[in-house]
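Undergrad: Handing you this structure, nothing more for now.
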Amino acid sequence: MKPRVVAAIFLVLFVAMPVDPGSVSATPDDLSAEAGILSARAPLASAPAGPQQARHPARLPAGGGPFVAAVGTEPPGLDPALYWDPAVHLVTSQVYETLVNTTPGGSQVVPGLAESWSVSPDGLTWTFNLRGGVEFHDGTTLDAAAVAYNFERWWDPAHPYHIGSFDYFGGVFRGFRGDAGCLLNAVTPIGASQVRLTLSEPYSPLPSVLAMPSLAIASPDAIQSGTLDTEPVGTGPFQFVEWVAGDHVALEDYPDYWGVGPHLDSLVFDVVADEDDRFNALQGSSAQSVGDLNPSYIVQVSADPDLVASWRPAMGIGYLGINRSHSPLNILLVRQAIAHAIDRESLIADLYNSGDQVADQFLPPAVFGHDPSIVDYTYDPPLASTLLALAGYGSGFSTTLSFRDVPRAYLPNSAATAAAIREDLLVVGIDATVTQYESGEFIDKWVKGELDLYLLGWTQDFAHPDNYFTPILCDGYLGFGPRDEVLCGIMDSAREEEDVDDQLVFYEWASGRVHDTLPLLPIVHPRSLLATRRSVRGLVPGLGGIELFKDVWLASAWVHLPLVLR
């Protein structure tokens, strides 16, 4: 027998030996499979795998199979345009797609159903070039007319299927057709492959807005059927199978999907209301992922060798607001003293959720414009006392510290947090009287600029820095004192700038400006827990708890061999 034949027989015998899946040491962040690993179940190729195969080894048979995601909340409906609800969008984002995508777990825009786009020199006319060969799950074609039909439905109250609130569209586009100040002026299909959006003013964040799941493109035929809220029809990697109320929503792979994937045969969102039951389902392998466990479960997840814990990127900010209209908070040295007087690391460790990050600046790390070169204010009471003395307040001063009576992810223990901040400020001579307000009264006082120091926060509407700086510090600014015209002027310029690199310069400058002028002291960037079985690959923690399962696969119970053994 020739040596090559002997070697071949040995190789076949070797790769056919199953191994314990639990012994496969990898996590959802382990990208070793994407460096050119081939499943031993698949035939050894005689030619090098192309770039697509190298990036997506899970297209091989070993990665398929059913996947169950246990969820605590049943979606109220499945028409993404009618809701701003993670329970809805976690499901619909697998079935539908948007014109523009963002990088997984990040905020940079990349092509989606539009493979490219351009904007006119005046910033008012955006032209989106659609991908060819894309079909909806009902077999109809994705073309410019279909995309324009979706926009007309969202935008025009006179459209026969503008039925519902469409709050998300109305919020980000500042109204609907006919409303004064609405950002959208016209929607025009150009031939079969281009859609033109005409705006009322330059708005460079538009691609980031269009990447949000509420603006996913649905089949016009399905819209007209009147059943879209219970039977979604999109262009995504998974197609709808069934929704059993109170139990589960089932999807299956769409075999004619235009892109790479999906690798799973089916995807089921199993509704399990009790949190312990969801965790037990994960431990017992009846679920492969759970995305809405209390962060305290990190202890149990980390203790189980068959489970993997990941923290989703933060999509919000909790802060101490400082009203610069009220003396002596109008003095920068005083605001710097406050920043150095508060022990934020202890606050987060003692009073916030596991996984929450101490905020060293206004923007969360996943939002572009976050400036990694910013040096945070250290906890340093002696320095704080020195700064107060330099400001003429060596003996301290009295002020107020307010919070509202509702918990938020960015402020889970409001009363205890306010009390801890008061104690820190007392050490350096600042006597802050703590007051709790009913939420409505608190917001009213904040809008009118009547509060001194206060605890508040923000959760983004879409993943773009303008959605932080403009609504908080330029539109609703009275709570922080005088409007920072320099900052807000730069924001105006950034919204008119179409070059992404130049936008980044503007937004990093704005991050530094907020850090230096201290209209607020960032405290926390809240994060949430994603727990999976160790066999899960390719599941990237998503902003807002919305993961995409297109690239997910399950580790095989078979040995994987490097391609060099071909």
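The values are calculated or read from the model by the stated rules, or taken from the named source; none is laboratory data. Being a predicted model, the structure only gives us computed values, none of them experimental. Cβ coordinates were reconstructed from backbone atoms using ideal geometry, including for glycine residues, and neighbour counts include every protein chain displayed.
Undergrad: Going residue by residue through the stretch 302-324, is there one that turns out to be in a helix (DSSP H, G or I), surrounded by fewer than 22 Cβ atoms within 10 Å (Cβ to Cβ) and in contact with a strand residue (DSSP E or B) (Cβ under 7 Å, 6 or more places away or on another chain)?
TA: Yes, some residue in the stretch 302-324 is in a helix (DSSP H, G or I), surrounded by fewer than 22 Cβ atoms within 10 Å (Cβ to Cβ) and in contact with a strand residue (DSSP E or B) (Cβ under 7 Å, 6 or more places away or on another chain).
Undergrad: Right, here's the next one. Out of the residues in the stretch 522-566 meeting the condition of being modelled with pLDDT of 95 or more and basic (Lys, Arg), tell me which one is surrounded by the most Cβ atoms within 10 Å (Cβ to Cβ).
TA: By that ranking, first place goes to 537.
Undergrad: Another question, if that's okay. Could you tell me how many of the residues in the stretch 470-506 are among the polar types (S, T, N, Q) and either more than 22 Å from residue 124 (Cα to Cα) or surrounded by fewer than 18 Cβ atoms within 10 Å (Cβ to Cβ) (or both)?
TA: Adding up the residues that qualify gives 1.
Undergrad: Of all the residues that make up the stretch 465-491, how many are in a helix (DSSP H, G or I) and either of a type in the set (A, V, I, L, M) or closer than 16 Å to residue 369 by Cβ (or both)?
TA: 15
Undergrad: Could you tell me whether the stretch 280-293 includes any residue that is among the hydroxyl-bearing types (Ser, Thr, Tyr) and part of a loop (DSSP other than H, G, I, E, B)?
TA: yes
Undergrad: For the structure I just gave you, tell me whether residue 376 is at pLDDT 95 or above, within 30 Å of residue 530 (Cβ to Cβ) and surrounded by fewer than 16 Cβ atoms within 10 Å (Cβ to Cβ).
TA: Answer is yes for this residue.
Undergrad: Would you mind finding the one in 153, 131, 174 that is farther than 30 Å from residue 311 by Cβ, in contact with a helix residue (DSSP H, G or I) (Cβ under 9 Å, 6 or more places away or on another chain) and basic (Lys, Arg)?
TA: The unique qualifying residue is 153.
Undergrad: Within the set of pairs 6+ apart or on separate chains, which have a first residue in the stretch 87-102 that is assigned to a strand (DSSP E or B), a second that is polar (S, T, N, Q), and C-beta atoms under 9 Å apart?
TA: From residues that are assigned to a strand (DSSP E or B), the pairs are 97/235; 100/208; 102/108; 102/208.
Undergrad: Mind counting the residues in the stretch 153-185 that are in a loop (DSSP other than H, G, I, E, B), within 24 Å of residue 475 (Cβ to Cβ) and of a type outside the set (A, V, I, L, M)?
TA: Summing the residues that are in a loop (DSSP other than H, G, I, E, B), within 24 Å of residue 475 (Cβ to Cβ) and of a type outside the set (A, V, I, L, M) in the stretch 153-185 gives 11.
Undergrad: Regarding the stretch 219-239, can at least one residue be identified that is in contact with a Ser or Thr (Cβ under 8 Å, 6 or more places away or on another chain), surrounded by fewer than 16 Cβ atoms within 10 Å (Cβ to Cβ) and among the hydroxyl-bearing types (Ser, Thr, Tyr)?
TA: No, there is no match, as no residue in the stretch 219-239 is in contact with a Ser or Thr (Cβ under 8 Å, 6 or more places away or on another chain), surrounded by fewer than 16 Cβ atoms within 10 Å (Cβ to Cβ) and among the hydroxyl-bearing types (Ser, Thr, Tyr).
Undergrad: Could you list all residues from the stretch 422-437 that are assigned to a strand (DSSP E or B) and either hydrophobic (A, V, I, L, M, F, W, C) or not assigned by TED's automatic domain parsing to the domain that holds residue 406 (or both)?
TA: Selection gives 430, 432, 434.
Undergrad: Here's another thing I want to ask about it. Give the stretch 67-120 a look and list any residue that's β-branched (Val, Ile, Thr) and farther than 26 Å from residue 294 by Cβ, or say none.
TA: If the condition is that a residue be β-branched (Val, Ile, Thr) and farther than 26 Å from residue 294 by Cβ, then 95, 98, 100, 102, 103, 109, 110, 119 are the ones that fit.
Undergrad: So, in the stretch 139-152, exactly how many residues are within 21 Å of residue 127 (Cα to Cα) and assigned to a loop (DSSP other than H, G, I, E, B)?
TA: Count: 2.
Undergrad: Something else now. Which of the numbered conditions does residue 116 fail, given that it passes all the others? Conditions: (1) without any contact (Cβ under 8 Å) to a residue 24 or more places away in the chain; (2) touching a helix residue (DSSP H, G or I) at 6+ places or on another chain (Cβ under 8 Å).
TA: Single failed check for residue 116: (2).
Undergrad: Which of the following residues is in contact with a His (Cβ under 9 Å, 6 or more places away or on another chain) and modelled with pLDDT of 95 or more: 457, 440, 481, 489?
TA: Answer to the check: 481.
Undergrad: Kindly check whether there is at least one residue in the stretch 486-494 that is touching a residue at least 40 places away in the same chain (Cβ under 8 Å) and either under 27 Å from residue 213 (Cβ atoms) or touching a helix residue (DSSP H, G or I) at 6+ places or on another chain (Cβ under 9 Å) (or both).
TA: yes
Undergrad: When you scan the stretch 192-269 for strands (runs of 3 or more DSSP E) that lie fully inside it, which ones turn up with 1 or more residues that are outside the structural domain of residue 103 (by TED's automatic domain parsing) and under 25 Å from residue 550 (Cα atoms)?
TA: By residue number, 238-244, 248-253.
Undergrad: Condition (residue is in a loop (DSSP other than H, G, I, E, B), under 26 Å from residue 298 (Cβ atoms) and among the β-branched types (Val, Ile, Thr)) applied to the stretch 354-371: is it met by at least one residue?
TA: So far as the stretch 354-371 goes, yes, one or more of its residues are in a loop (DSSP other than H, G, I, E, B), under 26 Å from residue 298 (Cβ atoms) and among the β-branched types (Val, Ile, Thr).
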